[in-house]
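Q: Take a look at the following structure, please.
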Amino acid sequence: MFDAIVVGGGFYGSAIAIYLAQQRRFGRVLLVERERELLVRASYHNQARVHNGYHYPRSFTTAYRSRVNLPRFVRDWPAAVKKDFVKLYAIARRNSKVTSRQFERFCRDIGAFIEPAPGSLARYFDPHFIENVYVVEEHAFDATVLRTWAESELRESGVEVRLATRAVAVVPATEGGLVVTLGAAEGGEYPVRAAHVFNCTYSGLNQLGGRFGTTRTGLKHELTEMALVEVPAPFKELGVTVMDGPFFSLMPFPARALHTLSHVRYTPHLQWEDAVGVDPYQRMHDYGRPTRVDRMVRDVARYLPLVEQARHVDSLFEVKTVLQKNEGDDGRPILFERHAELPNCYSILGGKIDNIYDVLEKLESETLLPSSGTEESST
Ligand SMILES: Cc1cc2nc3c(=O)[nH]c(=O)nc-3n(C[C@H](O)[C@H](O)[C@H](O)COP(=O)(O)OP(=O)(O)OC[C@H]3O[C@@H](n4cnc5c(N)ncnc54)[C@H](O)[C@@H]3O)c2cc1C
């Protein structure tokens, strides 16, 4: 009998397992992850941006929460945060959902630093396509540092980690609590009982069988490609995002000392609404992964001509899962649901890395008792 089984060893599942062991004094926590390592899926395959609000001119709440959470993230994971680059946001002249004036006002409203880029940086952009360029304050994170942190904290907190292990189903246990059926990579399924289950499987949130059913909040998936490129020398210490519409981002990717190039039009290869039985991981596994880097570079070079000299090294493919309700405003609130019928079964999706604080705040307000029935006070 475990106090908790956390399903999914990404950043969220790992951080929640650590929280349960350290803050809630759960003595027996099991973390199960289908891959052979922790933090190798969305927590690694992403744009590595520690958001500071700029990205969300259509969702004030997400922008505001990013402003609150970024300093905490920098404080708690300083070794994972890369600050030593200049971040530029640019506004396109055509097809932009935001004008320069609106963007400047929005940054003022959320209290985010912004100033016009000096000519030495603005000159990299083609003025026929770009209206204005700004220097802002945004950082990047290194997922491999977060992985090392997670592995060491899990070990020290006594959390049992089972890799290459998949959660298959959840049902209520007749003697109380929940039973999770686990499947080992080498085959064979076996039941494990727990007082709590935390489903932190991101794209796989609704793929658990048994009595799990689905989350109440609808999900949408995109099969994404981010090109990993070696940028020409003047861009080595730069990040660039063009707002807000069918544009692109060029962000440092500290884990590989390269940049990711992503494009709103070409990064999503496939999109579909979440459906039980259509496993997003399987869908990605079956996909041939043809690269679209040529199309990305061709379009980006219209705005930023030097990008033509970028060298394509690799592409990161991943399923990106977002809440259907935020399709219009691009907001990234957390999904935090307590299952209606399964006692003490939670589904959690963070949406972006710094939302971990919103998740931990929610957990703080939950009454979570270890299976012995008493929660020791944390001192
Ligand atoms: C293309 C892309 C770009 C992004 N850019 C950014 C960005 O710049 N900044 C930002 O903050 N966020 C970004 N995000 C979002 C961010 O990556 C996610 O919010 C975050 O990584 C989610 O962490 P997680 O732990 O929930 O998911 P994951 O890291 O995917 O962890 C879920 C884990 O569950 C495992 N799993 C799934 N099903 C099962 C099962 N049945 N049994 C056992 N294990 C299972 C998976 O193998 C996986 O390891 C981006 C995401 C994508 C895909």
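Since every read-out is calculated from the coordinates, none of them should be taken as a lab result. This one's a predicted model, so the numbers in the text were calculated from it and none came from an experiment. Cβ coordinates were reconstructed from backbone atoms using ideal geometry, including for glycine residues, and neighbour counts include every protein chain displayed.
Q: Compute the distribution of all C-alpha to C-alpha distances in the range 93-154, in bins of 10 Å from 0, and list the percent of pairs in each, rounded to whole numbers.
A: 18, 34, 22, 17, 9, 0
Q: While we're here: For the chain, go through all pairs of different Cα atoms, get the mean of 1/r, take its inverse, and jot down that Kirkwood value in Å.
A: Taking the inverse mean of 1/r over all distinct Cα pairs, the chain comes out at 21.7 Å.
Q: Could you give the angle, 0 to 90 degrees to the nearest 10, between helix 100-110's Cα long axis and the longest principal axis of the Cα atoms of the chain?
A: Result, in degrees: 40.
Q: So how far apart, in nm, are the two label points at ASP330 and VAL86 if each is 7 Å from Cα heading toward Cβ?
A: 2.4
Q: Over the alpha-carbon set of the range 269-371, work out the extent along each principal axis and list the three values in angstrom, largest first.
A: Its Cα atoms span 58, 30, 28 Å along the three principal axes.
Q: Please give me the summed charge of the neighbours of GLY210: other residues whose Cβ is under 15 Å from its Cβ, Lys and Arg +1, Asp and Glu -1.
A: Once positives and negatives cancel, what remains is +1.
Q: Additional query: Give me the aspartates and glutamates in straight-line cross-link reach of LYS236: C-alpha distance below 14 Å, same-chain residues under 8 apart excluded.
A: Here the aspartates and glutamates satisfying the reach criterion relative to LYS236 are ASP84.
Q: For the range 131-260, taking Cα atoms only, what is the radius of gyration to one decimal and the Dmax to the nearest whole Å?
A: My reading of the Cα-based Rg and Dmax gives 21.1, 65 Å.
Q: Identify all aspartates and glutamates with a Cα-Cα distance to LYS83 below 20 Å; exclude those on the same chain that are fewer than 8 residues away in sequence.
A: GLU115, GLU137, GLU138, ASP142, GLU230, GLU237, ASP354
Q: Quick check for me: using +1 on Lys/Arg Cβ and -1 on Asp/Glu Cβ, what's the dipole size of the chain about its Cα centre, in debye to the nearest 20?
A: Rounded to the nearest 20 debye, it is 820 debye.
Q: Right, here's the next one. Mind checking which lysines have their Cα closer than 29 Å to the Cα of LYS325? Skip sequence neighbours fewer than 8 apart in that chain.
A: Filter leaves LYS97, LYS220, LYS352, LYS362.
Q: Write down the Kirkwood hydrodynamic radius of the range 52-174, to one decimal in angstroms, obtained as one divided by the mean of 1/r over all alpha carbon pairs.
A: Its Kirkwood hydrodynamic radius stands at 17.8 Å.
Q: Could you tell me how far the Cα centroid of the range 66-109 sits from the Cα centroid of the range 303-319, in Å?
A: Rounded to whole Å, the Cα centres lie 21 Å apart.
Q: A further question on this structure: State, in angstrom, two size descriptors of the range 1-111 derived from its alpha carbons: Rg to one decimal place and Dmax to the nearest whole number.
A: Cα only, the range 1-111: 18.6, 60 Å (Rg, Dmax).
Q: While we're here: If N is the number of residues in the range 228-307, what value comes out of its Cα radius of gyration divided by 2.2 N^0.38 Å?
A: 1.28
Q: Quote the FRET efficiency, to the nearest 0.05, computed for SER365 versus GLU160 with a Förster distance R0 of 41 Å and r equal to the Cβ-Cβ distance.
A: Using R0 = 41 Å, I get an efficiency of 0.95.
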